[in-house]
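First up is the structure itself, then whatever we jot down about it.
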Ligand SMILES: [Fe+2]
């Protein structure tokens, strides 16, 4: 059977649309469309803005884990190689959950690496290989940035009545990052620094 072919004119119109400097968009980044989930547009807009920041930072943490998975060295190579990849997988799940929450709220999620690079608060690592202690320290610092912002965002979502976002932040983002800090921290040669209580 003959396949239905697009007319050359229609094909070239699509090609032009894709390559236009300002292609037609269904929804611009930074806007929130109406969705019937009984949440005010202002509340949804605030959550979308916060979640896009968190998305950029989570994508950066995810990629940092893959970089370290590839570039790790030394006597603990195999353990760390595996742990970094496990954490990469867990962070990838968070990325998907955050991005889909943004869409659910009527927003537009960030997606591409150049947009992420412009937006993230996590310091850029060197291209070269770092020592294990530097890799671990860099990861702990990145996790702390994410945890600090995620807790503030969770409180803001709860105050606005966006319980779904609050739950995602607390049950998935905060808990996953705290657990990964534990695993990474225990690999430091001297263990985590003891702090006095009270
Ligand atoms: Fe691998």
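Report, by residue number, each residue of region 182-198 that is part of a helix (DSSP H, G or I) and either modelled with pLDDT under 95 or surrounded by 17 or more Cβ atoms within 10 Å (Cβ to Cβ) (or both). Break it down stepwise before answering.
We begin by selecting, within region 182-198, every residue part of a helix (DSSP H, G or I); these are 182-185.
Selection gives 184 alone.
It is to be established whether one or more residues within region 103-112 are assigned to a helix (DSSP H, G or I), surrounded by 20 or more Cβ atoms within 10 Å (Cβ to Cβ) and touching a helix residue (DSSP H, G or I) at 6+ places or on another chain (Cβ under 6 Å). Can you show your working first?
First, pick out the residues of region 103-112 that are assigned to a helix (DSSP H, G or I): 103-104.
Adding the requirement that they be surrounded by 20 or more Cβ atoms within 10 Å (Cβ to Cβ) leaves none.
No, there is no match, as no residue in region 103-112 is assigned to a helix (DSSP H, G or I), surrounded by 20 or more Cβ atoms within 10 Å (Cβ to Cβ) and touching a helix residue (DSSP H, G or I) at 6+ places or on another chain (Cβ under 6 Å).
Has region 124-147 got any residue that is within 16 Å of the ligand (Cβ to nearest atom) and crowded, with 16+ Cβ neighbours inside 10 Å?
So the first thing to find is which residues in region 124-147 are within 16 Å of the ligand (Cβ to nearest atom), and the list is 129, 135.
Right, trim to crowded, with 16+ Cβ neighbours inside 10 Å and you get 135.
Yes, region 124-147 contains a residue that is within 16 Å of the ligand (Cβ to nearest atom) and crowded, with 16+ Cβ neighbours inside 10 Å.
Got at least one residue in region 91-98 being over 12 Å from the mean Cα position of the chain (by Cα) and either at negative phi or crowded, with 19+ Cβ neighbours inside 10 Å (or both)?
Step one: of region 91-98, the residues over 12 Å from the mean Cα position of the chain (by Cα) are none.
Scanning region 91-98 turns up no residue that is over 12 Å from the mean Cα position of the chain (by Cα) and either at negative phi or crowded, with 19+ Cβ neighbours inside 10 Å (or both).
Say we look at region 66-77 and pick out the residues that are away from the ligand (no atom under 12 Å from the Cβ) and over 12 Å from residue 131 (Cβ atoms); which of these is surrounded by the fewest Cβ atoms within 10 Å (Cβ to Cβ)? Steps first, answer last, please.
The first filter runs over region 66-77 and keeps only residues away from the ligand (no atom under 12 Å from the Cβ), leaving 73-77.
Then drop every residue that is not over 12 Å from residue 131 (Cβ atoms), which leaves 75, 77.
Numbers: 75: 8, 77: 11.
Per the stated criteria, the residue is 75.
Quick check: is even one residue across region 115-138 touching a helix residue (DSSP H, G or I) at 6+ places or on another chain (Cβ under 8 Å), assigned to a loop (DSSP other than H, G, I, E, B) and farther than 26 Å from residue 188 by Cβ?
no
Would you say residue 58 is away from the ligand (no atom under 16 Å from the Cβ) and either in contact with a helix residue (DSSP H, G or I) (Cβ under 7 Å, 6 or more places away or on another chain) or modelled with pLDDT under 95 (or both)? Quick ask: steps written out before the conclusion?
On the way: away from the ligand (no atom under 16 Å from the Cβ): yes; either in contact with a helix residue (DSSP H, G or I) (Cβ under 7 Å, 6 or more places away or on another chain) or modelled with pLDDT under 95 (or both): yes.
Yes, satisfied.
Which residues, taken from region 91-123, are within 16 Å of the ligand (Cβ to nearest atom) and under 18 Å from residue 141 (Cβ atoms)?
We begin by selecting, within region 91-123, every residue within 16 Å of the ligand (Cβ to nearest atom); these are 91-92.
The answer is 91, and nothing else.
The values are calculated or read from the model by the stated rules, or taken from the named source; none is laboratory data. Small disclaimer: the values here were computed from a predicted structure and weren't measured. When we count neighbours, we look across all protein chains shown, and the Cβ atoms used for this are built from the backbone with ideal geometry, even at glycine.
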